[in-house]
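Shown next, in structure tokens, is the structure this report addresses.
The values are calculated or read from the model by the stated rules, or taken from the named source; none is laboratory data. Fair warning: this is a prediction, and the values are worked out from it, not measured in the lab. Backbone-built Cβ (ideal geometry, glycine too); neighbour counts: all protein chains shown.
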Amino acid sequence: MMAPRTRKPTGRVPWPLILVEGGEKAGKSWAAAELSASPKVGPTFWLDLGEGAADEYGAIPGARYQVIDHDGSWPDIVGQVEEVRAVAAEEAAAGRPPVVLVIDSMTAEWDGLKDVADRKARARLARKNRAVPEGEEVRISMDLWNEVGARHRRLMTTLMTFPGIVVMTARGRDVAALDDAGRPIEGRKEYKVEGHKSLAFDASAWVRLSRESAPVVVGLRSVHSGVRPGVDQPVKAPSFSLEWLIFDVLKCEPSEATTRDLRTAAPERTAAEIAAEAILPETGVDRLRELHREAVALDLADVTVSDGQGNEGALHYLLRALAETRAAQDGPATDAQHRHMHVLWKQAGDFEDRVDRLTYTGELVGRQITTSKELTGSDADRVIAGLRRYVEQNTPPDENEEGTAA
């Protein structure tokens with residue numbers, strides 16, 4: 001049985017991903033611009049999506065941010081975010097104050113992706129001579145929702161692992177409450193953050209701003225805030241600022257902060273892909289056991305695969321055979337292998353000096369060798385293969401190919 005792979009938690013505070021949401025003219029963009037004036041942060045980059053506040057708010061006293069120039073297309077938006085991410089990584093590695101990325105707003109981001117799905121749905125119908133007039137609602141199929149949802153998820157993964165501070169704004173408002181059938185419930189309203197349904201879940205800090213009341217810290221992922229999740233009510237913060245939230249409440253210390261260790265589901269491999277890794281010479285016994293476990297978990301153990309030498313059989317037979325062979329190779333080189341190497345050293349002719357032989361052996365196996373007794377079976381196979389190539393390359397054709405016509 002293989003032991004589980006584990007590690008101790010670091011206890012380090014990750015870089016924050018902050019959602020600042022609220023009604024119109026509540027100060028969401030203002031709060032982000034104010035943060036750029038803080039001496040505790042480094043360069044600030046502002047990605048304006050459908051808000052148009054970036055230029056005007058540059059006049060806020062002390063504000064110092066750069067407006068990202070993009071053409072509105074999804075590839076360019078994502079590309080610019082990746083460029084800022086690279087800058088943030090460089091600044092963090094150099095020990096300088098953290099880079100801040102402001103996205104204003106994530107409501108517009110999701111609206112834009114919904115528009116992409118709508119256009120594709122209309123184009124499909126038009127190709128089938130079933131065009132829907134502009135202004136008339138069109139049904140968007142699940143595959144299109146999945147497509148734009150995947151785009152949003154890729155962006156969020158970048159933001160959640162950003163090596164600096166990210167501030168996302170979004171609109172929030174009261175809307176009619178709906179029953180399970182999607183019908184409005186008379187006299188009832190509920191608050192809704194306008195954006196992708198997972199936006200608030202992905203944020204590590206969630207703040208709500210209002211024109212009528214004090215800012216509210218709705219939720220935090222933090223052991224330093226003193227707010228117990230699911231127990232304490234949202235905290236009103238009359239003196240709220242993003243600088244206060246990041247450095248005083250979340251206790252983000254730039255010299256120790258880390259990106260989130262975000263593990264997402266890896267794509268499932270085919271039997272052929274597992275077999276291809278298994279037959280690689282560097283795949284060891286422990287890894288072969290992991291591959292066998294992967295094959296069983298994916299119900300691929302009985303799938304027929306090739307061993308790369310023209311033979312076919314069930315994947316689990318291939319993995320077992322390779323594991324047995326390589327387990328033997330991990331032991332000391334056999335006497336037969338040592339005799340084979342001795343013959344090849346003589347044929348090579350250029351390695352009469354022991355130091356030369358050991359140096360060349362080390363080059364072939366990838367580590368320093370002080371005596372041939374250190375060689376394992378797999379090491380010996382590499383040395384034998386390397387010496388064969390050396391002999392073939394240095395043997396004249398008339399000696400190597402008997403009977404060849406002149």
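Figures for the structure shown
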{"read-out": "Residue within segment 254-274 that is in contact (Cβ under 8 Å) with a residue 12 or more places away in the chain, out of contact with any Ser or Thr (no Cβ under 9 Å at 6 or more places or on another chain) and not in a loop (DSSP other than H, G, I, E, B) present", "value": "yes"}
{"read-out": "Segment 190-202: number of residues that are within 22 Å of Lys25 (Cβ to Cβ) and buried (at least 21 other Cβ atoms within 10 Å of the Cβ)", "value": "3"}
{"read-out": "Index of the failed condition, Leu144 passing every other in (1) over 21 Å from Cys252 (Cβ atoms); (2) without any contact (Cβ under 8 Å) to a residue 24 or more places away in the chain; (3) aliphatic (A, V, I, L, M)", "value": "(2)"}
{"read-out": "Residue that is modelled with the lowest pLDDT [pool: residues in segment 294-330 that are outside any helix (DSSP H, G or I) and within 14 Å of Pro281 (Cβ to Cβ)]", "value": "Asp330"}
{"read-out": "Answer residue from segment 270-291, given it is modelled with pLDDT of 85 or more and touching an Asp or Glu at 6+ places or on another chain (Cβ under 7 Å) and is surrounded by the fewest Cβ atoms within 10 Å (Cβ to Cβ) among those", "value": "Ile279"}
{"read-out": "Filtered residues of segment 134-153 (kept if of a type outside the set (Lys, Arg) and either within 14 Å of Trp74 (Cα to Cα) or buried (at least 20 other Cβ atoms within 10 Å of the Cβ) (or both))", "value": "Glu147, Val148, Gly149, Ala150, His152"}
{"read-out": "Any chance Ala214 is of a type in the set (A, V, I, L, M), part of a loop (DSSP other than H, G, I, E, B), in contact with a strand residue (DSSP E or B) (Cβ under 7 Å, 6 or more places away or on another chain) and surrounded by fewer than 19 Cβ atoms within 10 Å (Cβ to Cβ)", "value": "yes"}
{"read-out": "The listed residue being exposed (fewer than 10 other Cβ atoms within 10 Å of the Cβ), outside any loop (DSSP other than H, G, I, E, B) and of a type outside the set (Asp, Glu), out of Gly230, Gly187", "value": "Gly187"}
{"read-out": "Candidates Leu300, Leu315 - the one that is among the aliphatic types (A, V, I, L, M), surrounded by 15 or more Cβ atoms within 10 Å (Cβ to Cβ), free of Cβ contacts under 8 Å to residues at least 40 places away in the same chain and more than 24 Å from Ser372 (Cα to Cα)", "value": "Leu300"}
{"read-out": "Residues (at pLDDT below 90, assigned by TED's automatic domain parsing to the domain that holds Met156 and under 22 Å from Val41 (Cα atoms)) located in segment 218-262", "value": "Leu220, Arg221, Ser222, His224, Ser225, Ala237, Ser239"}
{"read-out": "When residues of segment 154-181 are limited to those that are outside any strand (DSSP E or B), without any contact (Cβ under 8 Å) to a residue 40 or more places away in the chain and among the charged types (D, E, K, R), the one surrounded by the fewest Cβ atoms within 10 Å (Cβ to Cβ)", "value": "Asp180"}
